[in-house]
Amino acid sequence: MAAPRGVAVGEGAVWVTAARPPSAEEALPASSCSKVFYGGAGSPRFVVASDLPLQGPGRAIALSKTEAIRFVLEQRDFRAGQYTVGYQSCDDSTAQAGGYDLYKCFSNAKAYARNLAVLGVVGPNDSGCAGVQIPITNQAPGGGLAMISPTTTWTGLTRPYAGMRRGELEDRYPSGERNFVRIAAADHLQAVAAAQLVKELGARRLFVLSDPYFGTDVETAARNLGLEIVGSSGWNSEARNFDRLARRIARTRADAVFIGGFLYPNGGGLVRDLRARLGPDVALVAPDRFGPVPDLLEAAGPAARGMYLSLSGVLNGELPPPGRRFLEEFEATRAGEPSPSPSAAYAAQAAEILLDAIARSDGTRSSVTRELRGTTVEDGILGDIRFDEYGDLVAGPVTIFRVVGKGRPSLPGFGDFEDAVVDRVITARAALLR
């Protein structure tokens, strides 16, 4: 039934004007989005969209995500409970940018918010794009538009971090209600995983070379695990020599060092000087931004061997049984095509969570968002999933790679980790940050 928009009285009569109910026939703009994908009778009642970079080097990975989402819709006969649902794949990239484009992110979010048939978005893929889109979708008509990202990891999208500008989260969620969740282990969980790895390796004395996004969380988690923080320091990646810093760390008798920050411009020099002073038995642990591994080996040489690098998520071979079954069924529809990237499983899980939230809802945006945030998944494609008050995972998997040296082939979709092997998968627990 259409909602009344205006009432007029006169001459013994009452005139009521009504808003036309949202219709999926009013598709999202063709300049960014595909036609509505729908295999049911008539037209779908609602639409879900994906927001991914379909141009540039990541195109093949993004397409495997869209195919996975389509597969989930087909498996469910294009239904979410009582509602019929279609799907549009939207592109947030440009050929010139070779990836996501902030203007496209902005205009896409405006289009999603305007079209009342859109009940949710799987995406975006990138944290920078999410930072633009969240404030727009958060103020969408009918309540914040539900967003579930399979891959974004920047801590500041959802929760405070060291050095955060005052009021930043309030600006990101101007309505005062949250509408964004993610199923990737965000940076704060990578920090927790680093501390858990140090503990599992049998080390007890940790030195933290910090950056604003990882260092504080690594220290907090390490202390909660009973590790001793023997020192912490920032470091200047543009420095030419790190021997003085390496000697300082050696004096602490640390048996593990966490390296926050980026490889460039001279992280390789840091690794060389640390190895020269600390020897081969002290564990060096860093997040994925300290790669790609081939570049790390080029910059640090043999000193990089044995280093540990973390990456949010799990590879296809490490998925739980429901995830492996999904991949088998999905691959059967892709005859002659390469195996899907691990992110396809994440896109499928995100789609399932969103469709389940729509099924439990009353068909309004605000209801879908409430149901999304209250999601509990047991034995899903990615295992068990639950969100905390920020919209982040209560616990999430982080893959730990160990650098072994030149000549080790990469896993499909993981060229950045060529010359490394999977050492283990750690379930990082957000409770260790309390």
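The values are calculated or read from the model by the stated rules, or taken from the named source; none is laboratory data. Just so you know, these numbers come straight off a predicted model, no measurement behind them. Reconstructed Cβ throughout: ideal geometry from the backbone, glycine too, with neighbour counts over all protein chains shown. To get the accessible areas, we keep the full protein, side chains included, count just its heavy atoms, and leave off ligands, DNA and RNA. Shrake-Rupley method; radii C 1.70, N 1.55, O 1.52, S 1.80 Å.
Note on the chain: dipole from Cβ charges, positive end direction compared against A246, L119, L54; the farthest Cα belongs to A246. For the stretch 129-273, the fraction of 1.4 Å probe accessible surface lying on carbon and sulfur atoms is 45 percent. Projecting the Cα atoms of L270, S366, P322 onto the charge dipole of the chain (Cβ charges, centred on the Cα centre) puts L270 farthest toward the positive pole.
Across all C-alpha atoms in the stretch 254-314, the radius of gyration and Dmax reach 10.7, 34 Å.
Between D388 and A335, the contour length at 0.36 nm per residue exceeds the alpha carbon distance by 15.2 nm. In this rough spin-label picture, where each label sits 7 Å from Cα along the Cβ direction, the Q82-E378 distance is 2.6 nm. The N236 and A431 beta-carbon pair, evaluated with R₀ = 51 Å, returns a calculated FRET efficiency of approximately 0.90. With the helix formula -39500 (n - 2.57) applied to DSSP H stretches of n ≥ 4, the chain reaches a computed 222 nm mean residue ellipticity of -10000 deg cm²/dmol.
Quick one: of the DSSP bridges fully inside the chain, what percent are antiparallel, nearest 5? That works out to approximately 50 percent antiparallel. Electrostatic tally near P124: other residues with Cβ closer than 9 Å to its Cβ, Lys and Arg +1, Asp and Glu -1, net -3.
Computed from backbone phi, the HN-Hα couplings of the stretch 140-149 come to 5, x, x, x, x, 7, 5, 10, 10, 9 Hz, rounded to whole numbers (Karplus: 6.51 cos²θ - 1.76 cosθ + 1.60, θ = phi - 60°; Gly and Pro given as x). When you restrict to C-alpha pairs under 8 Å that are six or more residues apart and normalise by the size of the stretch 45-164, the relative contact order lands at 28 percent.
Surface analysis of the stretch 68-202 yields an accessible area of 34 Å² per residue, using protein heavy atoms and a 1.4 Å probe. Values of log10 I(q)/I(0) for the stretch 296-376 across q = 0.13 Å⁻¹ run -0.65, by the Debye formula with one identical scatterer at each alpha carbon and no solvent. Rounded to the nearest 20, the size of the Cβ-charge dipole of the stretch 203-322 about its Cα centre is 580 debye, with Lys and Arg at +1 and Asp and Glu at -1. Semi-axes of the equivalent ellipsoid for the stretch 200-261, computed as √(5λ) from the eigenvalues of its C-alpha gyration tensor and ordered from largest down, come to 20, 15, 8 Å. Taken as Cα centroids, the stretch 345-405 and the stretch 32-111 sit 18 Å apart, rounded to the nearest whole angstrom.
Pick from A68, A345, A30 the residue whose mean-square fluctuation is largest in a GNM of the chain, springs joining Cα atoms under 10 Å. Result: A30 has the largest fluctuation of those listed.
With r as the distance between the Cβ atoms of F262 and F106 and R0 = 30 Å, compute the FRET efficiency 1/(1 + (r/R0)^6) and round to 0.05. About 0.65, to the nearest 0.05.
Each pair of Cα atoms in the chain enters the Kirkwood radius, and Stokes-Einstein at 20 °C and 1.002 mPa s then converts it into a translational diffusion coefficient of 93 µm²/s. Remark on the stretch 87-176: Rg and Dmax equal 13.1, 39 Å (Cα only). Extending 7 Å from the Cα toward the beta-carbon at both E228 and R244 defines two label points whose distance is 2.7 nm.
Rounded to the nearest 20, the Cβ-based charge dipole of the stretch 117-180 about its Cα centre (Lys and Arg +1, Asp and Glu -1) stands at 120 debye. About its Cα centre, the dipole of the chain is roughly 980 debye, where the only charges are +1 on Lys and Arg Cβ and -1 on Asp and Glu Cβ.
Given the options I400, G86, T375, identify the residue whose Cα lies farthest towards the positive end of the charge dipole of the chain (+1 on Cβ of Lys, Arg; -1 on Cβ of Asp, Glu). Ranked along the dipole, the leading option is I400.
Based on C-alpha pairs under 8 angstrom that are at least 6 apart in sequence, the chain has a relative contact order of 16 percent.
With the simple spin-label model, which puts each label point 7 Å out from Cα in the Cβ direction, the R59 to E200 separation comes to 3.8 nm.
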